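What follows is a short report on a single structure.
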Amino acid sequence: MIAWMNWTLPVAIFFAVIAAILVVMTVYEVVSPCTERKGFLPIATTRGDRLFIGLLTSAYINLMFLGLTELSLWIALAVSVVWVAILLRWG
Amino acid sequence: MNKVPNNKAWWLVLPVFILVAFSALIPLMTVVNYSVQDIFGPGQAYFVGTEWFEEVLGNERLQASLGRQFLFSAAVLFIQIPLGIGIALMMPTTGKRASLCLILLAIPLLIPWNVVGTIWQIFGRGDIGLFGWGLNQLGVDYNYTANTGDAWATVLLMDVWHWTPLVALLCYSGLRAIPEAFYQAAEIDRASRWAIFRYIQLPRLKSVLVIAVLLRFMDSFMIYTEPFVLTGGGPGSSTTFLSQTLTTMAIGQFDIGRAAAFSLIYFLIVLLVSWLFFTAITHLDKQK
């Protein structure tokens with residue numbers, strides 16, 4: 001039934017990680033609800049806002065690594081993870 | 001009174017969630033899968049990693065088409081938003097004339113995209129079209145199939161004709177929602193026409209303008225049918241916008257892997273720009 005989706009392992013891992021992040025964030029939100037606050041970003045954000053900004057900018061970081069440099073995408077991934085962590089904590 | 005927390009209402013969201021899963025989530029996942037493979041046919045797919053993305057990012061034809069797309073969307077917003085506000089301000093507020101204006105404004109919105117393209121294709125022709133013939137008679141060397149500038153002007157004019165009414169109607173409804181007391185207060189203060197617009201009407205129009213800007217940006221950024229019918233993307237590739245390049249790649253050349261990588265990048269651009277617009281406009285509100 002899902003043969004036409006042509007699943008590959010890396011893409012499956014990618015979506016599984018995204019789903020896991022969403023589940024963890026939901027549980028975290030239920031355990032300790034967050035309030036909107038202002039960090040180093042120019043706007044006040046909630047935890048979910050910061051996650052969205054983090055994921056979107058990570059996509060661009062990876063594209064930039066791919067388009068502008070010859071470096072491995074694993075480095076881009078590491079940079080993204082650090083960036084999302086910084087954003088969630090101090091953003 | 002004791003409030004009992006009850007979150008069962010969340011189950012009512014389930015149908016929407018399932019619908020979105022089928023219409024957006026599953027296709028998106030499929031596109032991501034396609035974008036890392038070279039697909040020759042059912043059951044004949046080879047994993048190629050990020051090759052398509054690299055190729056798409058370095059492709060000059062796509063970059064040019066992306067540049068044209070941004071230029072077009074910027075021009076659309078720059079012309080249609082002020083024009084729509086202007087038309088809404090000039091429209092009569094009550095009586096039969098108001099209804100007549102509303103009907104006249106709504107007509108272009110009811111015409112299907114490909115018909116709009118056909119109308120303008122004939123309208124702009126130098127031999128049988130009133131617009132093209134008229135311009136030629138006035139001594140203007142107008143030919144949208146041969147001159148890049150003319151093609152651009154015609155595509156823009158067509159989009160302005162087709163979609164400015166949407167902006168005007170949204171603004172009109174926004175203006176009607178302003179209570180009369182605001183105008184009376186302004187009159188007592190002897191506010192000028194400009195001051196009324198700047199300090200009463202424009203701030204109150206903000207929420208409808210958010211929607212107007214977002215709708216016009218997204219619509220113009222994915223424009224396909226009208227320029228396709230009108231100019232076919234020509235002359236050369238001067239009016240070939242992103243979606244047409246994408247369609248040629250995916251369906252014309254059956255290059256599904258590359259087209260999938262391209263559409264993901266396209267999607268990320270739309271997501272970023274829409275989010276920026278939305279955040280900028282909603283946060284302007286909070287700062288006051």
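The values are calculated or read from the model by the stated rules, or taken from the named source; none is laboratory data. In this text, all values refer to a predicted model and were calculated from it rather than measured experimentally. Don't worry about glycine lacking a Cβ; one is built from the backbone with ideal geometry, like all the others, and counts go over all protein chains shown.
Pairs linking a residue in the range A:44-59 that is loosely packed, with under 15 Cβ neighbours inside 10 Å to a residue that is among the basic types (Lys, Arg), with Cβ atoms under 9 Å and 6 or more positions apart or on different chains, are A:ALA44/A:ARG37; A:ALA44/A:LYS38; A:ALA44/B:LYS286; A:THR46/A:ARG37. Within the range B:54-80, residues that are free of Cβ contacts under 8 Å to residues at least 40 places away in the same chain have Cβ atoms under 8 Å from residues that are among the small types (Gly, Ala, Ser) and part of a helix (DSSP H, G or I) in these pairs: B:GLU54/A:GLY67; B:GLY58/A:GLY67, counting only partners at least 6 apart in sequence or on another chain.
Residues of the range B:87-108 that are in contact (Cβ under 8 Å) with a residue 60 or more places away in the chain and not in a loop (DSSP other than H, G, I, E, B): B:ILE87, B:ALA88, B:LEU89, B:LEU102, B:LEU105, B:ALA106.
Just to check your reading of the model, which residue among B:PHE254, B:PHE241 is out of contact with any helix residue (DSSP H, G or I) (no Cβ under 7 Å at 6 or more places or on another chain) and closer than 30 Å to B:ASN33 by Cβ? One residue alone meets the criteria, B:PHE254.
I'd like to know if the range B:215-233 contains one or more residues that are part of a helix (DSSP H, G or I) and of a type in the set (Gly, Ala, Ser).
Within the range B:215-233, one or more residues are part of a helix (DSSP H, G or I) and of a type in the set (Gly, Ala, Ser).
Picking from residues in the range A:18-34 that are surrounded by fewer than 14 Cβ atoms within 10 Å (Cβ to Cβ) and outside any helix (DSSP H, G or I), the one that is nearest to the other protein chains (Cβ to nearest Cβ) is A:PRO33.
Can you find, within the range B:123-151, the residue that is farthest from B:PHE72 (Cα to Cα) among those that are among the hydrophobic types (A, V, I, L, M, F, W, C) and surrounded by 13 or more Cβ atoms within 10 Å (Cβ to Cβ)? Walk me through how you get there before you give the answer.
Step one: list which residues in the range B:123-151 are among the hydrophobic types (A, V, I, L, M, F, W, C), which gives B:123, B:128, B:130-131, B:133, B:135, B:138, B:140, B:146, B:151.
Checking the rest, the ones that are also surrounded by 13 or more Cβ atoms within 10 Å (Cβ to Cβ) come to B:123, B:131, B:133, B:135, B:151.
Numbers: B:PHE123: 21, B:PHE131: 22, B:TRP133: 26, B:LEU135: 23, B:ALA151: 12 Å.
This residue is B:TRP133.
A quick yes/no check of all residues on (1) within 21 Å of B:LEU110 (Cβ to Cβ); (2) modelled with pLDDT of 90 or more; (3) among the basic types (Lys, Arg):
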| site | (1), (2), (3) |
| --- | --- |
| B:ALA153 | no, yes, no |
| B:VAL160 | yes, yes, no |
| B:ALA168 | yes, yes, no |
| B:TYR183 | no, no, no |
| B:SER192 | no, no, no |
| B:ILE196 | no, no, no |
| B:TYR199 | no, no, no |
| B:PRO203 | no, no, no |
| B:GLY233 | no, no, no |
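Consider B:GLY49 against the criteria (1) closer than 30 Å to A:ALA16 by Cα; (2) touching a residue at least 24 places away in the same chain (Cβ under 8 Å); (3) assigned to a loop (DSSP other than H, G, I, E, B): it satisfies all of them except one. Which criterion is unmet? All conditions pass for B:GLY49, except number (2).
Kindly indicate which of B:ASP127, B:ASP159, B:ASP141 is in contact with a helix residue (DSSP H, G or I) (Cβ under 8 Å, 6 or more places away or on another chain) and free of Cβ contacts under 8 Å to residues at least 40 places away in the same chain. Can you show your working first?
Values: B:ASP159 fails: free of Cβ contacts under 8 Å to residues at least 40 places away in the same chain; B:ASP141 fails: in contact with a helix residue (DSSP H, G or I) (Cβ under 8 Å, 6 or more places away or on another chain).
None of the others qualify; the one that does is B:ASP127.
Within the range B:48-74, the set of residues being within 12 Å of chain A (Cβ to nearest Cβ) and either surrounded by 13 or more Cβ atoms within 10 Å (Cβ to Cβ) or among the hydroxyl-bearing types (Ser, Thr, Tyr) (or both) comprises B:VAL48, B:THR50, B:GLU51, B:TRP52, B:PHE53, B:GLU54, B:GLU55, B:VAL56, B:LEU57, B:ASN59, B:LEU62. Within the range A:1-17, residues that are under 12 Å from B:VAL32 (Cβ atoms) and facing another protein chain (nearest Cβ under 7 Å) reach partners that are part of a loop (DSSP other than H, G, I, E, B) and of a type outside the set (Ser, Thr, Tyr) with beta carbons closer than 9 Å, at six or more positions or on different chains, in the pairs A:THR8/B:VAL36; A:PRO10/B:VAL36; A:PRO10/B:GLY49; A:VAL11/B:VAL36. Of the residues examined, B:ASP255 is one that is modelled with pLDDT under 85 and either in contact with a strand residue (DSSP E or B) (Cβ under 9 Å, 6 or more places away or on another chain) or among the acidic types (Asp, Glu) (or both).
Figure legend. Inter-residue proximity from the range B:25-45: first residues facing another protein chain (nearest Cβ under 9 Å), second residues among the basic types (Lys, Arg), beta-carbon distance below 9 Å, spacing 6+ or different chains. Indicated pairs: B:SER35/B:ARG258.
Report the residue count in the range A:67-91 for those that are in contact with a Leu (Cβ under 6 Å, 6 or more places away or on another chain) and part of a helix (DSSP H, G or I). I'd like the intermediate steps shown before the answer.
Quick first cut of the range A:67-91, residues in contact with a Leu (Cβ under 6 Å, 6 or more places away or on another chain) only: A:67, A:91.
Retained after the next criterion (residues that are part of a helix (DSSP H, G or I)): A:67.
Result for the range A:67-91: 1.
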